[in-house]
Amino acid sequence: MKSLILKTVSTTLLPLLILFSVFVLLRGHYLPGGGFIGGLIAAIAFILHAFANGLDQTRKLIRIHPGFLIPVGLAIAILSALAPVIFTGDPAMTGLWYEKDIAILGKIGSALFFDTGVYLVVIGVCLTIIFTISESV
Amino acid sequence: MNEHLTIYPIIVHLITAVLLLFFWKKPKIQRYISILGSTVGIVIAGMLFHRVWENGILSIQLGNWEAPFGISMVADTLAVTLIVLTNIVSFALSIYSTENMVSSRIKFGYYAIFHFLIMGLSGAFLTGDLFNLYVWFEVIIISSFVLLTIGGRKIQIEGAVKYFTLNMISSIIFLTGIAMVYGATGSLNMAELSRIIPEIENKGLMQTISLIFFIGFGVKSGVFPLYFWLPASYHTPPAAVSALFAGLLTKVGIYAMLRVFTLIFPLGETNQIILMIIAGLTMFFGGIGALVQKNILRVFSYLIICHIGFMVGGLSIFTQVAIVGAVMYMFHDIIVKATLYMMGGIMFRIFGNTKMEKMGGLMDNYPKLSFLFAIPLFALVGIPPLSGFWPKISLFSASYTANEIAMLVMFIFASLITLIIIAKVWNNVFSQNPESIETKSSFKYFKDFNFAEKAAYVVPVVLLVGVTLYYSFFAEHFQLIATRIGEELMNTEHYYNAVFNINEKTKL
């Protein structure tokens, strides 16, 4: 699909959508949002870019193979689940929270890292599937 | 901290799987990581078993949420023994897969999914929450579906569709049951349910729910009349996958039955009769089915169904001795069924196909291998002192003392028909010489393997046969474990106290 309008819009939308996905990821602990939906939005940003500019351009933009994000995300999620075992001796998956508020981010806890892991896994899975399908078409 | 150990068997395989994903394109490294992960798995399972054996039931509340609200993980003797056996089988299969799985299949993530499946099994054994059990079942189904279809041959897809459809339906039925339990009691914690359910006045509803659970687990374990997916799919994937499925997947259904029908819905008279009839029919149709099959792997599939009847039958008698028999049979069955399919893989390499009329003369050509193969086959029949014999004593005597003569007759019938089937297999594959064995040019036969390749096929079988022999000659160890499991299953307060941390010396 080579259209000048789509191409122009997609280059503007890509950073916006990724920013929005990070916003959704961060607000996810108490409000609607979270790692899964944030990951989907980020994946959509790249897929839109791929539609407008072709798969090769998007590949060049991402640089790494999206499948690599899956184990990275899983590893982050596992570490966040095991963090209480290692640091405080509580059972796995206990929420650990940093007491002070951090500007913009708000309170930071192990749940955020878990969500970040989910975020990466979702991006990795979606992009791997879409890239593989559009390759074989 | 003691209780952390409870979830380590899950974590080990999860970490192994993620590590394997990092080495997606490097099959050689994946083989080593998988063997290493399974070794660590055995060590941790052994430590957990030791801890539980010494100190009684261990439990942990995930996320530090108190018992009825959060998810409890409970390691009682039944769960940890199954985890030890699971890890032994997974270790053997990690080695077996190095040669049985071609590199292209490993590049599609075979090993990672394999470890995800083991993780799912460990989780299902350890969980103390009904909904969490459902989640682990889903993990198992999804992983097993990938394992079934990896490679994408037409016959595999055909088997996988049947497998997936029926297992999906059973999951939905199971989920419906969970929803009804939650609607009726407001809790899904198994320990809490064991106290709430007896006090509910609407006995009819509880009866219905328990039967819904039975259907859900029954499909998964392959009882009559919903076993058709099993022989349709188990012979299609490579031998390593079939061995894993045969050894462990159907037993998860039996484990769930043992857990739910002792802890949550102790069997009443009606349910006992229903389970008995189903068990009898399962043994009958499984046995008859195995008798008429021509493909050796399909014979084994029907034997799985036939022997599921022993465990369901043991549960249905519902005395402590019978439960001990069922549990012991389960231990024996996990090891022997996995061995059978691994043997099937070797036979496929020797003869080039799995049809029994095109096999023969194994005894003359491979005497040592034949001797090795004879042990699990005879153990399956239950020739004393091999492992199948010991659980059958418990089952026979339990059904006799409980005055369930029909069940006793069915047990004996199933044992006899197994004997006939094994005699037939022996006759066809081991002794009789075939008229002609065609040789395929593009096929790598067992005799062309070098030493390392042969070892990768035979060593795991030797390992599992070793476990069978240990079971055979030191059956009193397993009897001791099973007796304690029977005691724990029939007296639910041990489980309840462990989950709610009520101080009690659970040591028996």
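When the criteria are applied in full, residue A:38 meets the requirement of being farther than 30 Å from residue B:8 by Cβ, in contact (Cβ under 8 Å) with a residue 60 or more places away in the chain and away from every other protein chain (no Cβ under 13 Å).
Whether any residue in segment B:46-58 is within 14 Å of chain A (Cβ to nearest Cβ), surrounded by fewer than 24 Cβ atoms within 10 Å (Cβ to Cβ) and not in a helix (DSSP H, G or I) is what I want to check. Yes, some residue in segment B:46-58 is within 14 Å of chain A (Cβ to nearest Cβ), surrounded by fewer than 24 Cβ atoms within 10 Å (Cβ to Cβ) and not in a helix (DSSP H, G or I).
Conditions first: (1) among the aromatic types (Phe, Trp, Tyr); (2) modelled with pLDDT under 85; (3) within 24 Å of residue B:52 (Cβ to Cβ). Residue B:471 passes all but one, so which condition is the exception? With (1) among the aromatic types (Phe, Trp, Tyr); (2) modelled with pLDDT under 85; (3) within 24 Å of residue B:52 (Cβ to Cβ) applied to residue B:471, the lone miss is (2). In segment B:13-36 there is at least one residue that is buried (at least 24 other Cβ atoms within 10 Å of the Cβ) and away from chain A (no Cβ under 14 Å).
The combined condition, being of a type in the set (Ser, Thr, Tyr) and modelled with pLDDT of 90 or more, is fulfilled by residue A:21.
On the given criteria, is residue B:227 part of a helix (DSSP H, G or I) and either closer than 20 Å to residue B:495 by Cα or among the hydroxyl-bearing types (Ser, Thr, Tyr) (or both)?
Numbers: part of a helix (DSSP H, G or I): no; either closer than 20 Å to residue B:495 by Cα or among the hydroxyl-bearing types (Ser, Thr, Tyr) (or both): yes.
The answer is no for residue B:227.
Of all residues in segment B:377-413, those satisfying the criterion of being surrounded by 22 or more Cβ atoms within 10 Å (Cβ to Cβ) and touching a Leu at 6+ places or on another chain (Cβ under 6 Å) are B:379, B:388, B:399, B:411. Within the set A:62, A:70, A:86, A:76, the sole residue that is farther than 21 Å from residue A:34 by Cα and either within 12 Å of another protein chain (Cβ to nearest Cβ) or free of Cβ contacts under 8 Å to residues at least 24 places away in the same chain (or both) turns out to be A:86.
With B:71, B:95 as the choices, which residue is touching a residue at least 60 places away in the same chain (Cβ under 8 Å), within 14 Å of chain A (Cβ to nearest Cβ) and crowded, with 19+ Cβ neighbours inside 10 Å?
Going through B:71, B:95 in turn, just one is touching a residue at least 60 places away in the same chain (Cβ under 8 Å), within 14 Å of chain A (Cβ to nearest Cβ) and crowded, with 19+ Cβ neighbours inside 10 Å: B:71.
Output the residues belonging to segment B:236-257 that are surrounded by fewer than 24 Cβ atoms within 10 Å (Cβ to Cβ) and over 13 Å from the mean Cα position of the chain (by Cα). Scanning segment B:236-257 gives B:236, B:238. The residues of segment B:91-136 that are in a helix (DSSP H, G or I) and of a type in the set (Phe, Trp, Tyr), listed by number, are B:91, B:96, B:110, B:111, B:114, B:116, B:125, B:131, B:134, B:136.
Right, residue A:108: touching a strand residue (DSSP E or B) at 6+ places or on another chain (Cβ under 6 Å), more than 14 Å from chain B (Cβ to nearest Cβ) and not in a helix (DSSP H, G or I) or not? Judged against the criteria, residue A:108 is a match. Taking segment A:1-80 and the helices (runs of 4 or more DSSP H) fully enclosed by it, the elements with 2 or more residues that are crowded, with 19+ Cβ neighbours inside 10 Å are at A:4-27, A:35-53. Do we find a residue being among the hydrophobic types (A, V, I, L, M, F, W, C), part of a helix (DSSP H, G or I) and surrounded by 23 or more Cβ atoms within 10 Å (Cβ to Cβ) anywhere in segment B:283-290? So far as segment B:283-290 goes, yes, one or more of its residues are among the hydrophobic types (A, V, I, L, M, F, W, C), part of a helix (DSSP H, G or I) and surrounded by 23 or more Cβ atoms within 10 Å (Cβ to Cβ). In segment B:465-481, the residues that are closer than 20 Å to residue B:91 by Cβ and without any contact (Cβ under 8 Å) to a residue 40 or more places away in the chain form Cβ pairs under 9 Å with partners that are among the hydroxyl-bearing types (Ser, Thr, Tyr) and surrounded by 14 or more Cβ atoms within 10 Å (Cβ to Cβ), at six or more places apart or across chains, as follows: B:470/B:387; B:477/B:470; B:477/B:471.
The values are calculated or read from the model by the stated rules, or taken from the named source; none is laboratory data. None of these values were measured; they are calculated from a predicted model. With ideal geometry, Cβ positions are generated from the backbone for all residues, glycine too; neighbour counts draw on all protein chains shown.
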